[in-house]
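In what follows, a structure is listed as structure tokens, so that the remarks can point back to it.
The values are calculated or read from the model by the stated rules, or taken from the named source; none is laboratory data. Computed from a prediction, not measured in an experiment: that's the story for all the values here. No Cβ is skipped: glycine too gets one built from the backbone with ideal geometry, and neighbour counts run over all protein chains shown.
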There are 2 protein chains.
Amino acid sequence: MRFAVAQSGGPTCAINASLVGIYKAAVEMSNKVHNRLPISVIGVRNGIQGLMDEQFVDLSCELTSAEMVDLLRKTPSTALGSCRFRLPAVEQDESLYRKVQYVLQKNAIDAFFYIGGNDSMDTVAKLSKWLTEQGSNIRVIGVPKTIDNDLVGTDHTPGFGSAAKYVAMTMQEVVRDSSVYRLPSVTICEIMGRDAGWLTASTCLLRANGEVAPHLIYLPEHEFSTVQFVHDIQKAMENHRSVVVAVSEGITLPHSAAYRSGANDAFGHAYLSGVGKYLEQLVRDEIGCKVRSIELNVMQRCAAHLASATDLDESETVGRYAVELALQGQSGCMVTLQRDTGIASYRITCSHIAASSVANVTRTFPAAWINNEGNDVTEEAIDYFLPLIQGEVLPTMRNGMPEHFRFAT
Amino acid sequence: MRFAVAQSGGPTCAINASLVGIYKAAVEMSNKVHNRLPISVIGVRNGIQGLMDEQFVDLSCELTSAEMVDLLRKTPSTALGSCRFRLPAVEQDESLYRKVQYVLQKNAIDAFFYIGGNDSMDTVAKLSKWLTEQGSNIRVIGVPKTIDNDLVGTDHTPGFGSAAKYVAMTMQEVVRDSSVYRLPSVTICEIMGRDAGWLTASTCLLRANGEVAPHLIYLPEHEFSTVQFVHDIQKAMENHRSVVVAVSEGITLPHSAAYRSGANDAFGHAYLSGVGKYLEQLVRDEIGCKVRSIELNVMQRCAAHLASATDLDESETVGRYAVELALQGQSGCMVTLQRDTGIASYRITCSHIAASSVANVTRTFPAAWINNEGNDVTEEAIDYFLPLIQGEVLPTMRNGMPEHFRFAT
């Protein structure tokens, strides 16, 4: 048997762990049946685009030791590269589907695993449907990943826990940094998540460690008012000398076009400015205190040196489970994580859902977990997030820096 | 005997390790002489300002266990708070000097330790000179700290190694993140250091781990030309699909006033934009490729979860040495770190220098270590930086996040 695996969408710290999960499950199954059914695994570069171009990596040739597999598992970003390409509808361009089928058949691929988010599940749904209609037996399985935690059908998404751990740990350090002076100050942390506020909400985790901060949390799921924001800050400053705010990049600002590119510098260049910088200036103008904004930027999705061990374990597990699904003859589905309820401790089991019901849908942060004022989250959120960031993954160090896996070819 | 310790200036990951060094040395000396000469240590809040206001913390009451001392040692930022206050010249306001002397004498302080950078050494020099002129026997000792590494008389400064380790590790992860797509792209990392490029230059450390990035490095020590910058980027893009650039916040841009606040948004707010955002827009306009800028912001100085063990050890050592200097009767000096030359391995010994010769002087990055084009550093820089980031400091974890020390009172 032959498997092909590709990675797609924005990188995370855990997406290589899912690749490793698929690879290890294939190797272990090959060994189990005494090589009567050996499974080889091909790595596909740059997602579905690389599949069409036959940009392949022979994983068994590259992963020559357990140490290398372990290194790949904890290396951030997509080791196979990624793409931002979505299959168009069959009616729009059938030739792409024929091309993919041709390549899969030519290379004797029995199952194609696509590790990605929303858009990737759209590709999984479309491609599996078309292959089935063509009478092909090739299976297409979706493996979830996104730091946004916004896929439906799953308790949470692989990659999210590590991002949440990074954001919480970084904000905790920023809280220490911002509270050293006597002068009142405001610090605004802008956090990723255009459509869903999960990652921004997860900053409530600091309170599990006895911090009061963040004093205010703003999510895209709740209407945002600059007047209310300034009022909230002023109220928080009555009780706290150093106010720390978590704000999602996805909140809707008034005249949002204007704050992004409405201004030009001396050379006529349009300025780019995010939500954080905008709110920083708003506080400076309206309150006049010391204020700083911090954009956590791509570090949120690539800071593997403090990945969550729980996240990496689960990411490997969903990869392994995807192999089981393929061997069961499933296709067009995505692996999901289900949290066992009714038990005190945290326990996860895998299941699956039709990829078509995941594609193009955003699972937003529950309205019931946002306070009435729309500037904080409730205790339930802490309980939900806390298990996801548990455990540390020690990087393999060389020269005082982590060693990263890179494919040689 | 009674010591007073204060912290000043911008926070670092290692400034509490120096506080611990002073505290431990005092405790150990007290024990050594069988309490015939016990030394108590008072923590002063918010630097010299807190000294004048007698904002004190009794360290022996707060640091009740070895675990707490260890926790303080690896907690980022200034646990005692900080200030941005410089003593004016005696001629300008003698009353402040009288006030400081009054407080020191009233509290029977024999030695005052000031952990800080450039400005703090100015205070050390002025205060010790005045006290001596008054016939006072109170010693004033400067303990260096700054992530900028720009103090003269010392091989490097405590706090710098941890910042360099953070910057290198983060850039390495950003390199992984930025290279996943097929499209050519440019990533610009803006790094702290207004007057000296040490921290930006330290990104060359990635090459010790087999990375090619950063492909370009720009320091304030070399003239900056936007025309040359665009040309450099274009040339780098001929050989690398994903170009990663390290740029100091301190480079001089044309019309620098304009790019910082010359533009207004739709509400008439002035935009704040740093060097990174400016260069991002320049690349977008002139080259038109995918481009992103990343400001490493205060994380550079507070990311204690990946502090350099070498840095924390040395920071504690300079604190201990400061106590030795005070007991020897020294005053008005700053502890320095001297690198043993002529031996293959890295070894540091402590010495001291007059604080007056450190104050108001910036030690810039050596011109001889910058290449002719002014867009990279030489091999000597890697050799200089590499020992400073060695060793890891494991945070004490609680709930998946580091535990931080905070004074109870």
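State all residues of segment A:175-210 that are surrounded by fewer than 20 Cβ atoms within 10 Å (Cβ to Cβ) and within 19 Å of residue B:399 (Cβ to Cβ); if no residue qualifies, say none.
Across segment A:175-210, the qualifying residues are A:207, A:208, A:209, A:210.
Within segment B:1-27, which residues are in a strand (DSSP E or B) and either β-branched (Val, Ile, Thr) or surrounded by fewer than 20 Cβ atoms within 10 Å (Cβ to Cβ) (or both)?
Step one: list which residues in segment B:1-27 are in a strand (DSSP E or B), which gives B:2-7.
Hits for segment B:1-27 are B:2, B:5.
Among residues belonging to segment A:282-296 that are facing another protein chain (nearest Cβ under 9 Å) and in contact (Cβ under 8 Å) with a residue 60 or more places away in the chain, point out the one that is nearest to the chain's Cα centre (by Cα).
So in segment A:282-296, the residues facing another protein chain (nearest Cβ under 9 Å) come out as A:282, A:284-285, A:292-296.
With the extra rule that they be in contact (Cβ under 8 Å) with a residue 60 or more places away in the chain, the set shrinks to A:292-296.
Working: A:292: 26, A:293: 23, A:294: 20, A:295: 17, A:296: 14 Å.
Applying the filter and picking the extreme gives A:296.
From the residues in segment A:392-409 that are within 23 Å of the chain's Cα centre (by Cα) and under 15 Å from residue A:303 (Cβ atoms), which one is surrounded by the fewest Cβ atoms within 10 Å (Cβ to Cβ)?
Across segment A:392-409, the extreme among qualifying residues is A:394.
Among the residues of segment A:84-137 satisfying the criterion of being of a type in the set (Gly, Ala, Ser) and in a loop (DSSP other than H, G, I, E, B), which is nearest to the chain's Cα centre (by Cα)? If you could, list the steps in order and put the result at the bottom.
The first filter runs over segment A:84-137 and keeps only residues of a type in the set (Gly, Ala, Ser), leaving A:89, A:95, A:108, A:111, A:116-117, A:120, A:125, A:128, A:135-136.
Then keep just the ones that are in a loop (DSSP other than H, G, I, E, B); that gives A:89, A:108, A:117, A:135-136.
Details: A:89: 26, A:108: 31, A:117: 8, A:135: 34, A:136: 32 Å.
That would be A:117.
Does residue A:30 satisfy the criteria of being away from chain B (no Cβ under 14 Å), in a helix (DSSP H, G or I), free of Cβ contacts under 8 Å to residues at least 40 places away in the same chain and crowded, with 18+ Cβ neighbours inside 10 Å?
Details: away from chain B (no Cβ under 14 Å): yes; in a helix (DSSP H, G or I): yes; free of Cβ contacts under 8 Å to residues at least 40 places away in the same chain: yes; crowded, with 18+ Cβ neighbours inside 10 Å: yes.
So residue A:30 passes the test.
Is it the case, given these coordinates, that residue A:310 is more than 14 Å from every other protein chain (Cβ to nearest Cβ) and within 30 Å of residue A:25 (Cβ to Cβ)? Spell out how you get there, then give the answer.
Values: more than 14 Å from every other protein chain (Cβ to nearest Cβ): no; within 30 Å of residue A:25 (Cβ to Cβ): yes.
So residue A:310 does not fit the description; no.
Going through segment A:377-409 one residue at a time, which ones are of a type in the set (A, V, I, L, M), at the interface with chain B (Cβ under 10 Å from one of its Cβ atoms) and touching a Lys or Arg at 6+ places or on another chain (Cβ under 9 Å)?
Within segment A:377-409, A:382, A:388, A:389, A:394, A:401 meet the criteria.
For (1) of a type outside the set (D, E, K, R); (2) surrounded by 23 or more Cβ atoms within 10 Å (Cβ to Cβ); (3) over 29 Å from residue A:177 (Cβ atoms), each residue gets a yes or a no:
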position	(1), (2), (3)
B:302	yes, yes, no
B:317	yes, no, no
B:328	yes, no, yes
B:334	yes, yes, no
B:338	yes, no, yes
B:343	yes, no, yes
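If I filter segment A:89-124 down to residues being of a type in the set (A, V, I, L, M) and over 14 Å from residue A:6 (Cβ atoms), which single residue comes out as surrounded by the most Cβ atoms within 10 Å (Cβ to Cβ)?
Step by step, filter segment A:89-124, then rank; the result is A:96.
Would you pick out the residues in segment B:130-180 that are within 14 Å of chain A (Cβ to nearest Cβ) and either farther than 27 Å from residue B:301 by Cα or modelled with pLDDT under 95 (or both)?
B:179, B:180
Is it true that some residue in segment B:334-346 is of a type in the set (Val, Ile, Thr), away from chain A (no Cβ under 14 Å), touching a residue at least 24 places away in the same chain (Cβ under 8 Å) and more than 30 Å from residue A:305 (Cα to Cα)?
Yes - at least one qualifying residue is present in segment B:334-346.
Which of the residues that make up segment A:364-389 are outside any helix (DSSP H, G or I), touching a Ser or Thr at 6+ places or on another chain (Cβ under 8 Å) and buried (at least 17 other Cβ atoms within 10 Å of the Cβ)? Reasoning before the result, please.
First, the residues of segment A:364-389 that are outside any helix (DSSP H, G or I): A:364-366, A:370-378.
Remaining after also requiring touching a Ser or Thr at 6+ places or on another chain (Cβ under 8 Å): A:370-371.
Listed by number, the list holds a single entry, A:370.
Out of curiosity, is residue B:127 at pLDDT 95 or above, out of contact with any helix residue (DSSP H, G or I) (no Cβ under 7 Å at 6 or more places or on another chain), away from every other protein chain (no Cβ under 14 Å) and under 15 Å from residue B:6 (Cα atoms)?
Working: at pLDDT 95 or above: yes; out of contact with any helix residue (DSSP H, G or I) (no Cβ under 7 Å at 6 or more places or on another chain): no; away from every other protein chain (no Cβ under 14 Å): yes; under 15 Å from residue B:6 (Cα atoms): yes.
So residue B:127 does not fit the description; no.
Taking segment A:181-199, which residues are modelled with pLDDT of 95 or more and either assigned to a strand (DSSP E or B) or more than 13 Å from the chain's Cα centre (by Cα) (or both)?
A:184, A:185, A:186, A:187, A:188, A:189, A:190, A:191
With the condition kept exactly as written, say whether any residue in segment B:352-365 is within 14 Å of another protein chain (Cβ to nearest Cβ) and closer than 25 Å to residue B:168 by Cβ.
Within segment B:352-365 (the criterion being within 14 Å of another protein chain (Cβ to nearest Cβ) and closer than 25 Å to residue B:168 by Cβ), the answer is no, since none of the residues qualifies.
So which of B:84, B:73 ends up being within 18 Å of residue A:176 (Cβ to Cβ) and in contact with a helix residue (DSSP H, G or I) (Cβ under 7 Å, 6 or more places away or on another chain)?
B:73
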